[in-house]
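Here the structure comes first, spelled out in structure tokens, and everything after it is commentary.
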Amino acid sequence: MARSSQPERVLRTRNERGERLGALLRQARGERSMVQIAAAANLSAETLRKIETGRAPTPAFFTVAALASVLGLSLDELAELCAPVAEEGPDLLSA
């Protein structure tokens, strides 16, 4: 099996982190409507939908901060839970 190139691994890592972020936000939202949470965070429901589904894997910091505040989440906890998963080979942050 061919080894992934650095840009492919970075893209894959970014997408995986975005998917994890989306899943965490979706879980925290629970039964509350997407429209209700988006409005409280001053976002469109479509923006929240894209984040939750991973179609927007790198939302702006202030977007994440607004959602975390509305959902009662800690930014530190979100950052830790969305951190890249270690894989074999060179450290992605050292490149």
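All of the numbers you see were taken from the coordinates with simple rules; none came from a lab. This one's a predicted model, so the numbers in the text were calculated from it and none came from an experiment. Positions of Cβ are generated from backbone atoms using ideal geometry, with glycine treated the same way; all protein chains shown enter the neighbour counts.
Below are the figures for this structure:
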item: Pair A28, S44: separation of 7 Å Cα→Cβ label points (nm); result: 2.3
item: Proximal charge balance of M34 [Cβ under 13 Å; K/R count +1, D/E count -1]; result: +2
item: Dipole magnitude (debye, nearest 20) for segment 16-62, charges at Cβ of Lys, Arg, Asp, Glu; result: 20
item: Cut-off under 5 Å, modelled amide H: who pairs with A56 long-range; result: I51
